[in-house]
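Below is one structure, written out as C-alpha coordinates, with a few remarks after it.
The values are calculated or read from the model by the stated rules, or taken from the named source; none is laboratory data. Since the model is a prediction, treat every value here as computed from it, not as a measurement. For neighbour counting, all protein chains shown are included, and Cβ atoms are generated from backbone atoms with ideal geometry for every residue, glycine included.
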Amino acid sequence: MSGLDTWRGPNRLDALRGPSKPVDHNARSIAALAANPACQRRAILDAAGIDKGSTIQHLGYPHQFGQSPFALARQEQFKAIVKAHGGAHILRLLRELLHLSVEEAGYHNVEDAADDNGRAVRHRHTRTVLRSAAEQPEHAATLFDDPLLKLNVAGYDVYLEPDVIAFQVGRQFHVVAIKTFAVVDGQADTPKVSAAAREAAVYVHALRELFSSLGLDPARVAHDVVLICPKDFMNFPTAALVDVRHPLEVLRRQLERLSRIDDILDELPPGLSLDLRMEGKTPTRPAAELAAAVSALEARYAPECLAVCEMAYFCRAEARACGSLEALGRTVRDDLGGLESIDTAIHLISGDPVCSPEQDAIATRLQYLRRLHDEAVA
Ligand code: SF4
(Lines give C-alpha, C1' and ligand atoms only; values in the text may rest on other atoms or scores of the structure.)
Protein backbone atom coordinates (compact mmCIF):
# COMPACT_ATOMS: atom_id res chain seq x y z
CA MET A 1 0.00 0.00 0.00
CA SER A 2 1.42 3.39 -0.92
CA GLY A 3 1.82 6.25 1.54
CA LEU A 4 -0.96 8.10 -0.29
CA ASP A 5 -3.34 5.15 0.17
CA THR A 6 -2.79 5.06 3.93
CA TRP A 7 -3.69 8.76 4.03
CA ARG A 8 -7.08 8.14 2.48
CA GLY A 9 -10.40 6.85 3.82
CA PRO A 10 -10.63 5.87 7.51
CA ASN A 11 -6.85 6.32 8.01
CA ARG A 12 -7.10 9.95 7.09
CA LEU A 13 -10.13 10.44 9.31
CA ASP A 14 -8.25 8.76 12.17
CA ALA A 15 -5.38 11.21 11.66
CA LEU A 16 -7.82 14.14 11.77
CA ARG A 17 -9.31 12.87 15.05
CA GLY A 18 -6.02 12.03 16.74
CA PRO A 19 -5.51 9.18 19.22
CA SER A 20 -9.02 9.37 20.82
CA LYS A 21 -11.44 6.54 20.08
CA PRO A 22 -14.17 7.41 17.54
CA VAL A 23 -17.54 8.11 19.18
CA ASP A 24 -20.35 5.68 18.40
CA HIS A 25 -23.09 6.74 16.05
CA ASN A 26 -26.72 5.93 16.69
CA ALA A 27 -29.88 6.40 14.69
CA ARG A 28 -30.33 9.89 16.15
CA SER A 29 -26.88 11.05 15.11
CA ILE A 30 -27.15 9.47 11.67
CA ALA A 31 -30.59 11.00 11.19
CA ALA A 32 -29.13 14.39 12.11
CA LEU A 33 -26.75 14.03 9.15
CA ALA A 34 -29.79 14.26 6.92
CA ALA A 35 -31.07 17.37 8.71
CA ASN A 36 -28.35 19.58 7.20
CA PRO A 37 -26.91 17.67 4.26
CA ALA A 38 -25.04 20.68 2.83
CA CYS A 39 -22.82 21.13 5.89
CA GLN A 40 -19.29 19.87 5.28
CA ARG A 41 -18.23 20.57 8.86
CA ARG A 42 -20.78 18.17 10.27
CA ALA A 43 -20.01 15.57 7.57
CA ILE A 44 -16.32 15.56 8.48
CA LEU A 45 -16.81 15.64 12.26
CA ASP A 46 -19.21 12.69 12.05
CA ALA A 47 -17.22 10.72 9.50
CA ALA A 48 -14.11 11.04 11.71
CA GLY A 49 -16.09 10.08 14.84
CA ILE A 50 -15.10 13.33 16.59
CA ASP A 51 -16.64 13.82 20.04
CA LYS A 52 -18.66 16.96 19.24
CA GLY A 53 -19.86 17.32 22.83
CA SER A 54 -16.30 17.56 24.22
CA THR A 55 -15.25 19.76 21.31
CA ILE A 56 -18.00 22.34 21.83
CA GLN A 57 -17.36 22.44 25.58
CA HIS A 58 -13.65 22.97 25.06
CA LEU A 59 -14.51 25.80 22.65
CA GLY A 60 -16.33 27.49 25.56
CA TYR A 61 -19.96 26.76 24.64
CA PRO A 62 -22.51 24.71 26.59
CA HIS A 63 -23.21 21.18 25.55
CA GLN A 64 -27.01 21.42 25.65
CA PHE A 65 -27.88 18.58 23.40
CA GLY A 66 -29.47 15.18 23.65
CA GLN A 67 -32.36 13.95 25.75
CA SER A 68 -32.69 14.81 29.43
CA PRO A 69 -32.73 11.95 31.98
CA PHE A 70 -36.46 12.70 32.49
CA ALA A 71 -37.16 12.37 28.77
CA LEU A 72 -35.20 9.10 28.63
CA ALA A 73 -37.08 7.72 31.65
CA ARG A 74 -40.42 8.74 30.08
CA GLN A 75 -39.36 7.06 26.81
CA GLU A 76 -38.52 3.80 28.60
CA GLN A 77 -41.78 3.87 30.55
CA PHE A 78 -43.92 4.37 27.44
CA LYS A 79 -41.96 1.74 25.47
CA ALA A 80 -42.60 -0.78 28.26
CA ILE A 81 -46.35 -0.07 28.06
CA VAL A 82 -46.38 -0.44 24.27
CA LYS A 83 -44.39 -3.71 24.32
CA ALA A 84 -46.11 -5.28 27.34
CA HIS A 85 -47.86 -8.66 27.01
CA GLY A 86 -46.02 -9.73 23.87
CA GLY A 87 -46.61 -6.44 22.07
CA ALA A 88 -50.41 -6.56 22.56
CA HIS A 89 -50.82 -2.82 21.87
CA ILE A 90 -48.63 -3.04 18.76
CA LEU A 91 -50.67 -5.95 17.40
CA ARG A 92 -53.89 -4.03 18.05
CA LEU A 93 -52.52 -0.98 16.23
CA LEU A 94 -51.17 -3.05 13.32
CA ARG A 95 -54.59 -4.64 12.91
CA GLU A 96 -56.20 -1.19 12.79
CA LEU A 97 -53.59 0.37 10.49
CA LEU A 98 -52.46 -2.47 8.25
CA HIS A 99 -55.39 -4.87 8.56
CA LEU A 100 -53.18 -7.58 10.04
CA SER A 101 -55.22 -10.75 10.48
CA VAL A 102 -55.61 -12.24 13.98
CA GLU A 103 -53.91 -15.55 13.16
CA GLU A 104 -50.76 -13.71 12.04
CA ALA A 105 -50.08 -12.53 15.60
CA GLY A 106 -46.70 -13.59 16.98
CA TYR A 107 -43.78 -12.19 18.91
CA HIS A 108 -40.05 -12.89 18.82
CA ASN A 109 -37.45 -11.18 21.01
CA VAL A 110 -34.18 -11.14 19.05
CA GLU A 111 -32.31 -10.07 22.18
CA ASP A 112 -32.79 -13.63 23.47
CA ALA A 113 -29.89 -14.68 21.20
CA ALA A 114 -28.21 -17.58 23.03
CA ASP A 115 -26.54 -16.56 26.32
CA ASP A 116 -24.37 -13.98 24.69
CA ASN A 117 -25.89 -10.57 23.92
CA GLY A 118 -22.70 -9.20 22.31
CA ARG A 119 -23.45 -6.92 19.37
CA ALA A 120 -21.89 -9.13 16.67
CA VAL A 121 -23.79 -12.19 17.99
CA ARG A 122 -27.08 -10.31 18.17
CA HIS A 123 -26.58 -8.92 14.68
CA ARG A 124 -25.87 -12.41 13.27
CA HIS A 125 -28.95 -13.74 15.06
CA THR A 126 -31.03 -10.86 13.65
CA ARG A 127 -29.87 -11.77 10.14
CA THR A 128 -30.76 -15.43 10.64
CA VAL A 129 -34.19 -14.69 12.09
CA LEU A 130 -35.12 -12.12 9.46
CA ARG A 131 -33.89 -14.30 6.59
CA SER A 132 -35.93 -17.24 7.85
CA ALA A 133 -38.97 -14.98 8.28
CA ALA A 134 -38.59 -13.55 4.78
CA GLU A 135 -38.09 -16.97 3.15
CA GLN A 136 -40.75 -18.81 5.15
CA PRO A 137 -43.46 -16.25 5.86
CA GLU A 138 -45.93 -18.97 6.86
CA HIS A 139 -43.77 -19.88 9.92
CA ALA A 140 -42.67 -16.36 10.84
CA ALA A 141 -43.64 -14.40 13.91
CA THR A 142 -45.26 -11.05 13.31
CA LEU A 143 -43.10 -8.89 15.57
CA PHE A 144 -39.35 -8.90 16.05
CA ASP A 145 -38.34 -7.09 19.22
CA ASP A 146 -34.83 -5.66 19.81
CA PRO A 147 -33.21 -6.62 16.52
CA LEU A 148 -29.72 -5.28 15.89
CA LEU A 149 -28.99 -3.78 12.47
CA LYS A 150 -25.69 -2.59 11.04
CA LEU A 151 -24.79 0.29 8.75
CA ASN A 152 -21.49 1.39 7.29
CA VAL A 153 -20.90 5.12 7.89
CA ALA A 154 -17.76 6.50 6.24
CA GLY A 155 -15.89 3.20 6.60
CA TYR A 156 -17.06 2.40 10.16
CA ASP A 157 -19.71 -0.18 11.11
CA VAL A 158 -22.48 1.30 13.24
CA TYR A 159 -24.93 -0.92 15.12
CA LEU A 160 -28.53 0.29 15.32
CA GLU A 161 -31.33 -0.90 17.53
CA PRO A 162 -34.85 -0.12 16.30
CA ASP A 163 -37.63 -0.24 18.87
CA VAL A 164 -39.26 -3.16 17.12
CA ILE A 165 -39.78 -4.49 13.62
CA ALA A 166 -43.17 -5.59 12.50
CA PHE A 167 -43.23 -8.30 9.94
CA GLN A 168 -45.36 -9.92 7.35
CA VAL A 169 -48.23 -7.69 6.58
CA GLY A 170 -48.78 -8.35 2.91
CA ARG A 171 -45.25 -9.89 2.82
CA GLN A 172 -43.76 -6.54 3.82
CA PHE A 173 -41.63 -5.56 6.82
CA HIS A 174 -42.55 -2.34 8.60
CA VAL A 175 -40.32 -0.46 11.03
CA VAL A 176 -42.14 0.59 14.18
CA ALA A 177 -40.99 3.76 15.96
CA ILE A 178 -42.15 4.47 19.52
CA LYS A 179 -42.09 8.15 20.59
CA THR A 180 -43.42 10.01 23.61
CA PHE A 181 -44.73 13.23 22.06
CA ALA A 182 -48.51 13.39 22.28
CA VAL A 183 -51.02 13.08 19.45
CA VAL A 184 -53.87 15.42 20.39
CA ASP A 185 -57.10 15.27 18.36
CA GLY A 186 -55.22 13.32 15.68
CA GLN A 187 -52.53 16.04 15.36
CA ALA A 188 -48.88 15.95 16.46
CA ASP A 189 -46.11 18.54 16.52
CA THR A 190 -44.77 18.69 12.94
CA PRO A 191 -41.03 19.17 13.75
CA LYS A 192 -41.21 16.21 16.14
CA VAL A 193 -42.88 14.03 13.53
CA SER A 194 -40.23 15.08 10.98
CA ALA A 195 -37.43 14.21 13.41
CA ALA A 196 -39.05 10.83 14.12
CA ALA A 197 -39.39 10.21 10.37
CA ARG A 198 -35.70 11.00 9.78
CA GLU A 199 -34.70 8.59 12.56
CA ALA A 200 -37.02 5.84 11.32
CA ALA A 201 -35.62 6.32 7.80
CA VAL A 202 -32.21 5.27 9.17
CA TYR A 203 -33.70 1.95 10.29
CA VAL A 204 -35.53 1.44 7.00
CA HIS A 205 -32.27 2.07 5.14
CA ALA A 206 -30.29 -0.31 7.40
CA LEU A 207 -32.95 -3.01 7.04
CA ARG A 208 -32.96 -2.65 3.25
CA GLU A 209 -29.15 -2.96 3.24
CA LEU A 210 -29.47 -6.14 5.31
CA PHE A 211 -32.05 -7.53 2.86
CA SER A 212 -29.75 -6.74 -0.09
CA SER A 213 -26.81 -8.45 1.63
CA LEU A 214 -29.00 -11.56 2.10
CA GLY A 215 -30.00 -11.57 -1.57
CA LEU A 216 -33.58 -10.55 -0.66
CA ASP A 217 -35.59 -7.82 -2.34
CA PRO A 218 -35.02 -4.58 -0.35
CA ALA A 219 -38.40 -3.32 -1.57
CA ARG A 220 -39.97 -5.76 0.91
CA VAL A 221 -39.10 -3.21 3.59
CA ALA A 222 -41.93 -0.68 3.47
CA HIS A 223 -41.26 3.05 3.24
CA ASP A 224 -44.31 3.56 5.49
CA VAL A 225 -43.22 3.53 9.12
CA VAL A 226 -45.60 2.80 11.99
CA LEU A 227 -45.26 5.71 14.43
CA ILE A 228 -46.65 4.95 17.90
CA CYS A 229 -47.28 7.84 20.33
CA PRO A 230 -49.39 8.50 23.44
CA LYS A 231 -52.91 9.64 22.72
CA ASP A 232 -54.13 12.95 24.19
CA PHE A 233 -51.45 13.16 26.95
CA MET A 234 -52.48 9.75 28.33
CA ASN A 235 -50.36 6.61 28.24
CA PHE A 236 -52.73 4.94 25.79
CA PRO A 237 -50.83 4.22 22.54
CA THR A 238 -52.14 5.36 19.18
CA ALA A 239 -50.43 5.00 15.79
CA ALA A 240 -50.17 6.46 12.30
CA LEU A 241 -48.33 5.51 9.13
CA VAL A 242 -45.59 7.97 8.17
CA ASP A 243 -44.11 7.98 4.67
CA VAL A 244 -40.31 8.31 5.01
CA ARG A 245 -39.37 8.32 1.30
CA HIS A 246 -38.08 11.87 1.36
CA PRO A 247 -35.80 11.56 4.44
CA LEU A 248 -34.71 8.16 3.10
CA GLU A 249 -33.52 9.73 -0.13
CA VAL A 250 -31.72 12.57 1.70
CA LEU A 251 -30.08 10.05 4.03
CA ARG A 252 -28.97 7.81 1.15
CA ARG A 253 -27.35 10.79 -0.60
CA GLN A 254 -25.68 11.89 2.63
CA LEU A 255 -24.26 8.43 3.35
CA GLU A 256 -23.00 8.22 -0.23
CA ARG A 257 -21.36 11.59 0.29
CA LEU A 258 -19.67 10.34 3.46
CA SER A 259 -18.37 7.31 1.58
CA ARG A 260 -16.76 9.85 -0.81
CA ILE A 261 -15.49 11.95 2.08
CA ASP A 262 -12.00 11.94 0.54
CA ASP A 263 -13.23 14.54 -1.97
CA ILE A 264 -14.03 16.91 0.92
CA LEU A 265 -10.84 16.01 2.80
CA ASP A 266 -8.78 16.85 -0.28
CA GLU A 267 -9.91 20.48 0.04
CA LEU A 268 -8.72 20.83 3.66
CA PRO A 269 -5.45 22.52 4.66
CA PRO A 270 -2.66 19.94 4.90
CA GLY A 271 -1.95 18.73 8.43
CA LEU A 272 -5.29 19.96 9.82
CA SER A 273 -6.05 18.27 13.15
CA LEU A 274 -9.14 18.30 15.37
CA ASP A 275 -7.36 16.45 18.17
CA LEU A 276 -8.29 17.78 21.63
CA ARG A 277 -4.95 16.43 22.99
CA MET A 278 -6.56 14.67 25.90
CA GLU A 279 -4.58 14.05 29.05
CA GLY A 280 -6.79 11.62 30.90
CA LYS A 281 -10.21 13.21 30.61
CA THR A 282 -8.90 16.76 30.19
CA PRO A 283 -8.40 18.41 26.78
CA THR A 284 -5.12 20.36 26.73
CA ARG A 285 -5.19 21.92 23.29
CA PRO A 286 -5.44 25.76 23.33
CA ALA A 287 -9.10 26.60 22.60
CA ALA A 288 -8.21 29.32 20.07
CA GLU A 289 -6.13 26.83 18.08
CA LEU A 290 -8.99 24.33 18.11
CA ALA A 291 -11.47 27.04 17.05
CA ALA A 292 -9.26 27.92 14.08
CA ALA A 293 -9.09 24.25 13.08
CA VAL A 294 -12.89 23.83 13.30
CA SER A 295 -13.38 27.05 11.32
CA ALA A 296 -11.29 25.58 8.51
CA LEU A 297 -14.23 23.20 7.89
CA GLU A 298 -16.92 24.86 5.81
CA ALA A 299 -20.21 25.16 7.73
CA ARG A 300 -23.78 25.84 6.62
CA TYR A 301 -25.36 27.21 9.77
CA ALA A 302 -29.14 27.61 10.03
CA PRO A 303 -31.23 28.15 13.18
CA GLU A 304 -32.56 24.58 12.73
CA CYS A 305 -29.05 23.40 13.71
CA LEU A 306 -29.86 24.29 17.32
CA ALA A 307 -32.18 21.28 17.48
CA VAL A 308 -29.95 18.73 15.77
CA CYS A 309 -26.25 19.48 16.19
CA GLU A 310 -23.94 19.84 19.18
CA MET A 311 -21.83 22.43 17.33
CA ALA A 312 -24.72 24.86 16.86
CA TYR A 313 -23.65 27.58 19.36
CA PHE A 314 -20.17 27.77 17.87
CA CYS A 315 -21.47 27.86 14.30
CA ARG A 316 -24.10 30.46 15.18
CA ALA A 317 -21.50 32.77 16.75
CA GLU A 318 -19.28 32.32 13.72
CA ALA A 319 -22.13 33.03 11.27
CA ARG A 320 -23.13 36.14 13.23
CA ALA A 321 -19.53 37.39 13.42
CA CYS A 322 -19.13 37.25 9.64
CA GLY A 323 -22.62 38.67 9.01
CA SER A 324 -23.76 35.60 7.13
CA LEU A 325 -27.39 35.46 6.03
CA GLU A 326 -27.37 31.79 7.06
CA ALA A 327 -27.64 32.94 10.68
CA LEU A 328 -31.15 34.28 9.98
CA GLY A 329 -32.47 30.95 8.74
CA ARG A 330 -33.12 29.24 5.45
CA THR A 331 -36.38 31.09 4.76
CA VAL A 332 -34.67 34.50 4.97
CA ARG A 333 -31.67 33.24 3.01
CA ASP A 334 -33.92 31.86 0.27
CA ASP A 335 -36.09 35.03 0.24
CA LEU A 336 -32.94 37.15 -0.15
CA GLY A 337 -31.34 34.68 -2.58
CA GLY A 338 -28.45 36.40 -4.32
CA LEU A 339 -27.30 38.51 -1.35
CA GLU A 340 -24.15 37.37 0.36
CA SER A 341 -24.41 39.05 3.76
CA ILE A 342 -26.59 40.88 6.29
CA ASP A 343 -24.49 44.03 5.64
CA THR A 344 -25.47 44.00 1.96
CA ALA A 345 -29.15 43.68 2.94
CA ILE A 346 -28.78 46.69 5.30
CA HIS A 347 -27.14 48.75 2.53
CA LEU A 348 -30.03 47.94 0.17
CA ILE A 349 -32.64 48.89 2.79
CA SER A 350 -30.83 52.21 3.27
CA GLY A 351 -31.12 53.00 -0.44
CA ASP A 352 -27.46 52.49 -1.38
CA PRO A 353 -26.79 51.89 -5.11
CA VAL A 354 -27.49 48.39 -6.39
CA CYS A 355 -25.17 46.49 -8.68
CA SER A 356 -27.52 44.03 -10.44
CA PRO A 357 -31.20 43.68 -11.50
CA GLU A 358 -31.63 40.93 -8.84
CA GLN A 359 -30.39 43.31 -6.13
CA ASP A 360 -32.71 45.99 -7.47
CA ALA A 361 -35.75 43.69 -7.05
CA ILE A 362 -34.68 42.68 -3.53
CA ALA A 363 -33.98 46.35 -2.60
CA THR A 364 -37.51 47.35 -3.70
CA ARG A 365 -39.06 44.61 -1.53
CA LEU A 366 -36.87 45.39 1.48
CA GLN A 367 -37.60 49.13 1.27
CA TYR A 368 -41.35 48.42 1.00
CA LEU A 369 -41.14 46.22 4.13
CA ARG A 370 -39.21 48.94 5.91
CA ARG A 371 -41.95 51.49 5.12
CA LEU A 372 -44.58 49.07 6.48
CA HIS A 373 -42.48 48.54 9.61
CA ASP A 374 -41.94 52.28 10.12
CA GLU A 375 -45.68 53.00 9.68
CA ALA A 376 -46.59 50.28 12.16
CA VAL A 377 -44.06 51.55 14.72
CA ALA A 378 -45.17 55.20 14.20
S1 SF4 B 1 -24.32 23.34 13.81
FE2 SF4 B 1 -22.57 23.76 12.51
S3 SF4 B 1 -21.62 21.77 12.15
FE4 SF4 B 1 -23.66 21.37 12.92
S5 SF4 B 1 -24.90 21.12 11.08
FE6 SF4 B 1 -25.09 23.27 11.72
S7 SF4 B 1 -23.51 24.35 10.58
FE8 SF4 B 1 -23.03 22.18 10.46
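Observations on the structure shown:
- Some residue of the range 188-196 being buried (at least 20 other Cβ atoms within 10 Å of the Cβ) and modelled with pLDDT under 90: yes
- Members of the range 337-358 found to be at pLDDT below 80 and either among the aliphatic types (A, V, I, L, M) or assigned to a helix (DSSP H, G or I) (or both), listed by number: Leu339, Val354, Pro357, Glu358
- Any chance Pro22 is modelled with pLDDT under 90, within 16 Å of the ligand (Cβ to nearest atom), farther than 15 Å from Lys179 by Cα and over 17 Å from the mean Cα position of the chain (by Cα): no
- Considering the conditions (1) within 12 Å of the ligand (Cβ to nearest atom); (2) surrounded by fewer than 17 Cβ atoms within 10 Å (Cβ to Cβ), Ala35 is excluded by exactly one of them, (2).
- A single member of Leu276, Leu214 is within 30 Å of Ala287 (Cβ to Cβ), touching a residue at least 24 places away in the same chain (Cβ under 8 Å) and not basic (Lys, Arg), and it is Leu276.
- Among the residues of the range 282-294, some residue qualifies, meaning at least one is away from the ligand (no atom under 16 Å from the Cβ) and either more than 30 Å from Gln57 (Cα to Cα) or among the polar types (S, T, N, Q) (or both).
- Every residue from the range 295-336 that is small (Gly, Ala, Ser), out of contact with any helix residue (DSSP H, G or I) (no Cβ under 8 Å at 6 or more places or on another chain) and either more than 20 Å from Pro191 (Cβ to Cβ) or more than 14 Å from the ligand (Cβ to nearest atom) (or both): Ala296, Ala317, Ala321
- Verdict on Leu258 being surrounded by 14 or more Cβ atoms within 10 Å (Cβ to Cβ) and assigned to a helix (DSSP H, G or I): yes
- Taking the numbered list (1) modelled with pLDDT of 70 or more; (2) surrounded by fewer than 18 Cβ atoms within 10 Å (Cβ to Cβ); (3) in contact with a His (Cβ under 9 Å, 6 or more places away or on another chain) in turn, Arg95 passes all entries but (3).
- Total residues in the range 326-355, condition more than 39 Å from the chain's Cα centre (by Cα) and loosely packed, with under 12 Cβ neighbours inside 10 Å: 4
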